[in-house]
Each structure stands twice: as structure tokens, then as C-alpha cells.
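Let me begin by presenting the structure, written as C-alpha cells, before commenting on it.
The values are calculated or read from the model by the stated rules, or taken from the named source; none is laboratory data. From a predicted model like this one, the values you see are computed outputs, not experimental measurements. FYI the Cβ positions are ideal-geometry reconstructions off the backbone, even for glycines, and counts take in every protein chain you see.
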Amino acid sequence: MYSRIISVGSYQPDNIVTNEELERKVDTSDEWIRSRTGIESRAIAKPDQATSDLAILAADAAIKKSGITKDEIDLIIVGTCTPDVATPNVGVIIQESLGLNSCPAFSVEAACSGFIYALNIANKFILSGESKCALVVGAETLSRITDWNDRNTCVLFADGAGAVILKPSEDTGIIYSEISADGTYADLLYVPYGTSRKPIHEKENDYFLQMNGNEVFKVAVKKLESIAINTLKKNNLTVDDIDWLIPHQANIRIIQAVAKRLGMPMEKVIVTLAEHGNTSAASIPLALDKAITDGRISKGDRILLQGFGAGFTWGTTLLTL
Ligand code: COA
């Protein structure tokens with residue numbers, strides 16, 4: 001028995017911000033952003049759109065494509081680090097919108113690895129028999145915790161949501177999943193103020209992401225390489241056995257460096273950074289949906305998903321679509 005992704009949906013806000021628009025806000029250039037990050041534009045939520053609004057649209061799209069009725073959903077897990085409010089969690093808000101009122105619904109805060117964490121947990125629910133139909137979402141409005149006057153971060157981050165429906169299956173689905181974390185890296189990428197230790201009302205404007213970009217870059221490459229190697233080794237596979245690598249979309253140079261170290265040709269790596277930017281927990285399902293929609297990925301393909309994010313957290317999912 002496996003758990004299997006039966007459909008994928010995503011949503012990107014239609015408010016697109018180009019590099020040229022950022023040039024007018026901070027001391028940067030389209031050339032710098034493209035060459036250092038691979039990003040050309042990003043979608044930013046409108047002021048009245050919260051993370052759950054994006055998540056619900058992605059979930060609706062996944063449900064529509066799945067052929068299930070929404071009443072079949074018996075588990076909702078959302079990866080996000082930009083929840084609508086401290087509580088209730090985004091999963092519950094999605095649940096209420098779908099008109100479901102008795103299944104577990106919760107969010108997982110693992111930053112850019114949030115979707116991989118959520119998928120890992122949902123996989124276990126399905127394999128244990130506790131869930132027969134799970135909705136797994138990665139959704140973010142990173143624009144709300146981005147300092148639009150800080151050129152080190154504002155060129156990178158964006159908003160979006162992606163969702164999958166997961167069901168038990170006798171056909172191969174999720175083959176292997178691994179998640180991990182190392183909190184000693186916490187101060188390389190963090191938001192100083194939030195809810196408990198340093199409530200936001202104590203200090204205005206200090207709830208923006210702080211990042212040591214160079215150090216994040218180095219650790220990201222090392223961890224993404226090592227988790228891919230570990231996943232392949234544990235499953236007696238080589239890179240040649242993988243049809244597609246879908247890494248977290250953080251920076252094209254991180255993705256290229258990891259692919260090079262793995263010996264994976266870039267033709268087999270899904271890159272959607274140019275139009276998505278870094279949407280944190282939404283990045284992998286957004287990329288998966290795009291690559292299915294444009295016909296690159298099809299049923300039966302063997303795919304390696306790779307997440308990496310603040311914490312640091314990281315993880316992989318090896319699956320057959
Ligand atoms: N536009 C123009 N110049 C910029 C800039 C911008 N948006 N951001 C930084 N710079 C400047 C720096 O101030 C620095 O100037 P200096 O040499 O005068 O000090 C110069 O560009 C080089 O900066 P550096 O930090 O060395 O650039 P980089 O090649 O490492 O690229 C990042 C910076 C942030 C793009 C890169 O380090 C990165 O992507 N890191 C990973 C971040 C990430 O993925 N975070 C999320 C993880 S989930």
C-alpha cells in the first residue's frame with residue numbers, strides 16, 4: 001500500500017511585480033536580480049488576500065482535478081510560516097471554507113520545507129489507515145513579512161499556494177520521505193518578532209525576515225545535496241533513475257550547484273523561479289503543478305522533491321506520480 005498524489009492544484013495572485021518595479025523601490029537592477037537569483041517577476045497577494053485565501057483557491061483547483069467530492073477529505077495539513085492569524089490555524093480556515101467540520105485540520109511551521117513536512121505527515125496518516133483522503137497544502141504570503149526597503153530580501157520572496165490530494169493506492173506513489181532540522185542555524189534566517197517571546201506590539205517594523213544570504217546559500221547547497229544522495233542511497237537508486245528533480249525554488253544558483261554536485265542534468269530539474277520567486281512552502285507544489293500543466297511531468301514519472309528552509313529544516317519526498 002502506498003499513498004499517492006492523485007491531483008495537484010495551485011494559485012498565484014494576479015498582482016505581478018516585475019524586477020523593473022523593484023528597481024524603482026530599492027537600489028537594485030533587473031540584471032542583478034536575474035543573474036544572482038534567476039527571478040524575473042513574482043506574484044504578490046492583494047492587501048485583502050490572506051494566506052488561507054490563496055490556499056483555498058489552490059485546494060479548490062486540486063479537488064476539481066481529482067474527481068473526488070470534497071466530503072471525502074478527512075485530513076487537512078497546511079505548510080505555512082505566514083498564517084492568517086496566530087490562531088486558528090490555516091487548516092481550520094480552509095476546512096470551514098470547504099464546509100467540512102469533523103476532520104483534523106492543522107498547519108505545520110517549517111518555513112520553506114513546510115510542504116515537504118506536511119506531505120511527510122499526511123503520508124503517515126494514509127499508511128496507518130487513519131486517513132483515506134488528505135488535502136496537503138503549501139501556502140504563503142511572504143510579502144507580509146518582507147521588508148520592501150531591504151534589497152537583500154525583497155527581490156527574493158513572493159506569495160502563492162499549491163495543494164495536492166493524497167489517497168491510498170496499490171500503485172506506487174510515495175516511495176520514501178525524510179524530514180530533518182538543525183536549530184543551530186536559526187539565526188541565519190528568522191523573523192525577530194512574532195507572538196510569544198517578542199510580541200509584535202512591543203516593537204514596530206521588526207517582524208520582517210532577517211537573512212544572512214551568503215551563509216544560507218552555502219548550507220542550502222550542502223543540505224540539498226546530502227539529502228538527495230541519502231534518499232537515492234536508501235532506495236538503491238542513482239540520479240539516472242529519477243525523471244525529475246523538483247527542488248525548493250530559492251535561487252537558480254543554489255539549484256544549479258546542487259544539480260551539478262548530483263550529476264543531474266538541468267533538463268531534468270524543474271525551475272519555476274523566474275515567474276514564481278521564492279514562495280517558501282508553496283514553491284514545490286506550485287512547481288509540480290506548473291510542470292504537470294505544461295506537459296513536462298506526466299503520470300508514471302519518478303520525481304524527487306526537495307525542501308529546505310529557515311530553522312534550518314529540510315526534507316525529501318521520492319514518489320511516482
Ligand atoms: N541588488 C543589487 N545589489 C545587491 C542586492 C540587490 N537586490 N542585494 C545585495 N546586493 C549587493 C550586496 O550588498 C553586495 O554588495 P557589496 O559587495 O558592495 O557588499 C553585493 O550585492 C554582493 O552581495 P552578496 O550577498 O555576496 O551576493 P550573492 O551573490 O551572495 O547573492 C543572495 C545574494 C541573497 C541572492 C544569495 O546569497 C542567496 O540567494 N542566498 C540564499 C538566500 C535564500 O535562498 N534564502 C531562502 C532560503 S529558503
Inset, instruction - Return a yes/no flag: does the range 17-38 have any residue that is crowded, with 23+ Cβ neighbours inside 10 Å and touching a Leu at 6+ places or on another chain (Cβ under 6 Å). - result: no
Inset, instruction - Being crowded, with 22+ Cβ neighbours inside 10 Å and closer than 12 Å to Cys154 by Cα is the filter; apply it to the range 41-52 and report the residue that is nearest to the ligand (Cβ to nearest atom). - result: Arg42
Legend entry - Lone unmet requirement of (1) away from the ligand (no atom under 15 Å from the Cβ); (2) more than 30 Å from Asp60 (Cα to Cα); (3) modelled with pLDDT of 95 or more; (4) in contact with an Asp or Glu (Cβ under 6 Å, 6 or more places away or on another chain) for Leu188: (1)
Legend entry - Residue that is farthest from Gly9 (Cα to Cα), among those in the range 128-146 that are over 19 Å from the mean Cα position of the chain (by Cα) and buried (at least 17 other Cβ atoms within 10 Å of the Cβ): Ser131
Inset, instruction - Name the one entry in Thr28, Thr82 that is touching a helix residue (DSSP H, G or I) at 6+ places or on another chain (Cβ under 6 Å) and either acidic (Asp, Glu) or closer than 23 Å to Val108 by Cα (or both). - result: Thr82
Inset, instruction - Return the only residue of Asp182, Asp159 being over 30 Å from Arg4 (Cβ atoms) and among the acidic types (Asp, Glu). - result: Asp182
Inset, instruction - Considering only the range 99-139, state which residues are of a type in the set (Ser, Thr, Tyr) and part of a loop (DSSP other than H, G, I, E, B). - result: Ser102, Ser131
Inset, instruction - Could you please give the count of residues in the range 179-236 that are more than 23 Å from Val85 (Cα to Cα), more than 20 Å from the chain's Cα centre (by Cα) and among the aliphatic types (A, V, I, L, M)? - result: 2
Legend entry - Test for Gly38: is it of a type in the set (Gly, Ala, Ser) and either within 16 Å of the ligand (Cβ to nearest atom) or free of Cβ contacts under 8 Å to residues at least 60 places away in the same chain (or both): yes
Legend entry - Neighbours by Cβ (under 9 Å, 6+ apart or cross-chain): first from the range 144-173, farther than 30 Å from Thr69 by Cα and in a helix (DSSP H, G or I); second of a type in the set (Ser, Thr, Tyr) and away from the ligand (no atom under 12 Å from the Cβ): Arg144/Thr51; Arg144/Thr82; Arg144/Tyr207; Ile145/Thr82; Ile145/Tyr207; Cys154/Ser143
Legend entry - Test: Ser7 is crowded, with 20+ Cβ neighbours inside 10 Å, among the polar types (S, T, N, Q) and more than 11 Å from the ligand (Cβ to nearest atom): no
Legend entry - Count of residues meeting criterion [within 13 Å of the ligand (Cβ to nearest atom) and among the hydrophobic types (A, V, I, L, M, F, W, C)] in the range 213-233: 6
Legend entry - Answer residue from the range 173-197, given it is in contact with a helix residue (DSSP H, G or I) (Cβ under 8 Å, 6 or more places away or on another chain) and farther than 18 Å from Ser226 by Cα and is surrounded by the fewest Cβ atoms within 10 Å (Cβ to Cβ) among those: Gly194
Legend entry - Residue tally, condition aliphatic (A, V, I, L, M) and in contact with a strand residue (DSSP E or B) (Cβ under 7 Å, 6 or more places away or on another chain), over the range 233-280: 10
